[in-house]
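The next block holds one structure in the form of C-alpha cells; read it before the comments.
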Amino acid sequence: MSLAVTILVLLATAAWEWQMRQLGLTPGDLGDNPYAWVEERRRIDTEPVSAAIVGDSRILFDTDLDHFQRLTGIRPLQLALPGTNGRPFLENLADDPNFKGLVIVGMTDVSYFREKAGWMKIALELAKFESPAKRGSFLIGRQLEMHLAFLEQEYRLSALVARLDPDWRTGVEGPYDDTWKLSTTLDGRQTYMWPRLEHDERLRAHGRAVWQAFKGPVVKPEVIAMTLKRTRAAVDKIRARSGDVLFVRPPSAPDFRVNEDKRLPRAKGWDALLAAARARGAHIDDMPTVQGLSLPEGSHLSKACATVFTDAYVRRLAELSPRLTIRPDAPPPLATKDCVPGR
Amino acid sequence: MVFNSLIFIVFFAIVLGLHSLPLPWKLKKTNLLIASYIFYAAWNPPFVILLWVSTVVDWFAARALVNAEGQWQRRAWMLVSVIANLGMLGYFKYGQFLVDSFAAAAPLIGLHYVPPRYDIVLPVGISFYTFATMSYTLDIYLRRAKPATNFLDYALFVTFFPHLVAGPIMRPTELVPQFATPRRASADQLRFGLALMTLGLFQKVVLADGFLGPVVETVYDSDKPSGWIDSWIATFAFSGQIFCDFAGYSTTAIGVALCLGFAMPDNFRFPYASVGFSDFWRRWHISLSSWLRDYLYIPLGGSRHGELRTYASLMGTMLIGGLWHGANWTFVVWGGLHGAYLCGERLLRKLFKGFQAGPIAIAGFALLTFLLVNIAWVFFRAKTFGKAWSVLAGMIGASGDAAPRLAAISIGTTVAIVAAILAAHWAMRHRTLEAAIGRTHPALITALWAAMGFAVIAEHGTGNAFIYFAF
C-alpha cells in the first residue's frame, strides 16, 4: 500500500508540476519574502557593502542589478521589499554601524510618506532574530525552488481555489482582489516583472484593477513632517559614518501618476524631502530620454524597460555622487526606444 | 522546528535513519535525547536552558521526595518542583499579564500605575513541558508512580520531541516504561505512523492554514464589524481551524512517535460529535483535561464534598484551564463559559435524572453542544473583549449595516469543510480510527492517503506555527 501511495503521489505531483509550467511558472524563480530579504541583509554583517537599495516594489522590479554592475562595477545589495515603506528600512541601515556605503532609496511618494512599515515589516524583526529552524527551511526551500516550479506561493492549492470567485457576493472584496503573482525573482533578489504578466491581457487587467490607479486619501501634513524629520535623521547618521543617501523616483502610468500627485504633490513630497535631507536624487520627470516606458499593469516596468530605466537612473546618480562612477567600458546609454524584450 | 517545515523532513529522516541502525539501545536513546534538544533549540537555542532547569529540578526533587523521611519533607520537595515550574511559567507567560492586570485594577483602589513593558519572549511549549515534568513529581508524591531508574529515561520522557512543544501531555507512566526496552517500529507501525503524519499534515497545512485560517482572519483580525453570516461563518471556520491545527499536530506527533516504535495516547476523539460538555472534554485535548482532572479538580475536592463544592471545583478548574491557554482575560472567560456549561449540564442531569434521550434528541443535544462550543470559541479567538462583543453582536444580527466581508467561495469552502468534519466526527463517534481503517477497502485507503499527500504538496504552505505553540 505504501508503494502504491508513493507512486500515486509522485504521479500527481509530476502532473501538477507540468501544469504549473504550462501556466508560466519556471524552476529557478525563487519567489520573494522577508526571509530572502534577511538572507541578503545579513551580508552587511559579513562583507563590505558599497551600495544598497531600499524602497518598495517599484525600485525592486525596475532595477536591473546586472546592468547596474556593468555600468559601475558595483552590484548593489537589493533590499527593497514589495508593499513596504522604504523609510524604516533606511533607518534600519542608518542604525547599523557595519554599513558605511551608499543607500539608494527608491520611493513612490505615497508609499514612502506613511507611518507604518507596510506589508513585509516582519523583515525588520527577522533582521534582529531569525530562528535556526526558519533559516534552515528557507535554505532547503531555495534548493527545491531551483528545480520545481510549483512551489510558487501564489499558486498554492488554496490560492487557486480562492481565485475562482470573481466576487460573486455583492459588496465583497475577496481574495480575487488581492495582488496575484507579479514578479520573477532570481538569485540575489534580482526581481523582474513575471514574463506572463507582460503578455497576458487578463492578468494585466487584473493587476491594473487591483492597484485602483493608486487612488487614496491625501497624505496628512503630520505624516509629511514626521517623514521629513526621520529621513533627515537617518541620512545624517549614515553620512556621519562617511556613507551617503540618494533617492530615485521610478515611473508609474499617467493615470496612476495623476492620483499619486493628488495625494502628495511633488513639491510637498519629493522636493521637500530632498531639501529636508539635503540629499539629491533622480526623478523620472527629470529623465527625458526614458519617458513613455512600458508599464504592463501600470505600476511596474516590463523587464526590458527595467534595464533602460536602470541605465538612466544610474547615469544620473553618477553625476550626483562621487560614490558611483560610470566605467570606461560601460555600454552606451539606453533610451525608451531600446526597451525591446531580449535585447 | 515545526512538523510542517522542510527542515523537519530532513531532521526526521536523519533521526529515523539513526534509530534504524543496529546500535545499542542506550546509544539510540541518547541519539533521541540529543535530537530532541536540537528540535527545541531550532526555535531559540538559549531556551534549551529552561528545559534543562525543568528537567533537573524535577529529577532531584523526585529523588529527594522518595528518600524523604517525613511527610513535611515530602511536601517540601513537591513544593520545590511546583514552585520552580510554575515560577518559570509565571515569569515567562504571565509576568506582563499580571502587571497589566494590576494596572487596570489600580484605579479601583485609587492608585495610578503605569506598567512597564518587559518584552518577555514566550518560550515555545513551556506550558506543555512544565505540566509534563510536574506530573512526574506529583505522581511520585501521590504514590501513583515510581521514579525513573535512570536519568536518561527520565530526561527523554520530558524532552522526547514528538510531544515536547504541544503535547499530548504525557505522563511518566505512559512513556518511561517504553524506554526500558529496545523499540523499533514494525512495518505495520511504520506504515500507520506515516499515514497518521500525512493525515495530521493534511489537517494542518491544507485545511487549517490553507482554507480556514484566512476566513477567520478576515473577520477576527479586522477592526470593522461583521454581519451575521460573516460572524457565524468565521466562527465555524475557527472551530474547524483550531481542531485541524491542534488535532493535526497531535496526530502528526503520534505518527512520528509510532514510526520510531513508541505509542502515544489519543489526544482527540472526534470532539464535535460530543453530546454535552462532559462528553466534549472527554474528547477534546484529552491529555490536558485528564491532567486538570487529576491534579486540579480532584485536589480541589472533585465531587466528594457535596454539590456546591463540586460546582466550585468545576468552575475553578475550567477558569485555570482557560488561563493556561493564554495570558489574557478572554481565555479566562472561555474557560468560565465551559465551566458554566459543565455546571449547567450537571444540574440538568440531576433535575432530569430519569430522562432517556431518543436519537433525535441526541442529535439535537449534539448540535446544541456544537453551537455553544462555538460561542465560547469567540472569546478564545478574539484578541480583545471589544472584538469578541463585536463578533457576538454580528452573530445575533445586531451589527447594523455591516458590509459583507467574506467572499462566496470562502463561505462555500468553510461550510463544506466544517460540514465534512462534523459528518466524519458523527460517523466515528463510537469508533476508533484503527477500527475504521481495518474495515475499509485497501484501495479506498490508498486513494485517500495519496490524495491527502498530494494536497499537502500542492498546498505546501508557509510553515505557519501551530496555534497551540503559543500556549
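Neighbouring Cβ atoms from other chains, within 10 Å of the Cβ of residues in B:408-421, number 3 on average. Peptides B:397-404, B:408-415, B:211-218, ordered by how many other C-beta atoms sit within 10 Å of their residues on average, highest first, read B:211-218, B:408-415, B:397-404. When +1 charges are put on Lys and Arg Cβ atoms and -1 charges on Asp and Glu Cβ atoms, the dipole computed for the protein assembly as shown relative to its Cα centre reaches about 1700 debye. Summarising the label geometry, the points placed 7 Å from Cα in the beta-carbon direction at B:K350 and A:A267 lie 8.0 nm from one another. Annotation: lysines with alpha-carbon distance below 18 angstrom to A:K121 (same-chain offsets under eight excluded): A:K134.
Remark on the stretch B:272-414: Rg and Dmax equal 17.3, 53 Å (Cα only).
Straight-line reach from A:K229: taking Cα to Cα under 18 Å and skipping same-chain neighbours fewer than 8 places apart, the aspartates and glutamates in range are A:E91, A:D95, A:D109, A:E115, A:D244, A:D271. Shielding of peptide A:135-145 by partners, expressed as the average count of other chain Cβ atoms within 10 Å per residue Cβ, is 4. Calculated FRET efficiency, B:R293 to A:R280, Cβ-Cβ distance, R0 = 56 Å: about 0.20 to the nearest 0.05. Under a cut-off of 16 Å between alpha-carbon atoms, report the aspartates and glutamates in cross-link reach of B:K383, not counting same-chain residues fewer than 8 places apart. Within the straight-line limit of under 16 Å, B:K383 reaches these aspartates and glutamates: B:D100, B:E217, B:D221, B:D223. Unpaired cysteine residues in the protein assembly as shown (no second Cys Cβ under 4.7 Å): B:C244, B:C259, B:C343. Within chain B, helices built from complete DSSP H runs that reach 20 Å or longer along their own axis (Cα positions) and carry a mean Kyte-Doolittle hydropathy of 1.6 or higher are B:6-20, B:359-381, B:408-427, B:442-459. Apply the a/c threshold of 1.5 to the C-alpha gyration tensor of chain B and tell me whether it is rounded, prolate or oblate. Since a/c stays below 1.5, the shape of chain B is classed as rounded.
Full extension of the chain between B:I9 and B:M428 gives 147.8 nm of extra length, using 0.36 nm per residue less the Cα-Cα distance. Looking at chain B, which longest stretch skips every one of the trypsin sites (Lys or Arg not before Pro) that is in a DSSP loop with at most 11 other Cβ atoms within 10 Å, leaving the sites themselves out? In short, B:144-303. Counting neighbouring beta carbons within 10 Å and listing from fewest to most, the residues B:V256, B:V176, A:V340 come out as A:V340, B:V176, B:V256.
Each of B:T133, B:G335, B:G227 was placed along the dipole of the protein assembly as shown (beta-carbon charges, centred on the mean Cα), and the one lying farthest toward the positive end is B:T133. Protection proxy ranking, highest mean first, for peptides B:370-379, A:70-79: A:70-79, B:370-379, where packing is the per-residue count of other beta-carbon atoms within 10 Å, averaged.
Using a/c under 1.5 as the rounded threshold, could you call the protein assembly as shown rounded, prolate or oblate? The axes a ≥ b ≥ c are square roots of the C-alpha gyration tensor eigenvalues, and prolate needs a/b larger than b/c, oblate otherwise. The shape class here is prolate.
Decide, for the stretch B:189-470, between rounded, prolate and oblate: order the square roots of the alpha carbon gyration tensor eigenvalues as a ≥ b ≥ c, take rounded if a/c falls under 1.5, and otherwise choose prolate if a/b is larger than b/c, else oblate. Taking the square roots of the gyration eigenvalues as a ≥ b ≥ c, the stretch B:189-470 is oblate. Take the cross-link list A:K237/A:K303; A:K237/B:K93; A:K262/B:K224; B:K204/B:K224 and give me the ones stretching past 30 Å between alpha-carbons. Violating the 30 Å Cα-Cα cut-off are A:K237/A:K303; A:K237/B:K93.
What do you get for the angle between helix A:201-211 and the principal long axis of chain A? Use alpha-carbon atoms, 0 to 90 degrees, nearest ten. Relative to chain A, helix A:201-211 is tipped by roughly 50 degrees.
Dipole magnitude for chain B: computed about the Cα centre from +1 point charges on Lys and Arg Cβ and -1 point charges on Asp and Glu Cβ, it is near 1260 debye.
Return one number: the angle in degrees, 0 to 90 and rounded to the nearest 10, between the long axis of the Cα atoms of helix A:303-320 and the longest principal axis of the Cα atoms of chain A. Compared with the principal axis, the helix lies near 20 degrees. Mean per-residue shielding of peptide B:338-351 is 0, counting Cβ atoms of other chains within 10 Å of each Cβ.
On full extension, the segment bounded by B:A419 and B:S20 gains 139.5 nm, given 0.36 nm per residue less the C-alpha separation.
Only the coordinates and a few stated rules stand behind these numbers; no lab work does. Note that this is a predicted model, so its numbers are computed, not measured. All Cβ positions, glycine included, derive from the backbone under ideal geometry; neighbour counts span all protein chains shown.
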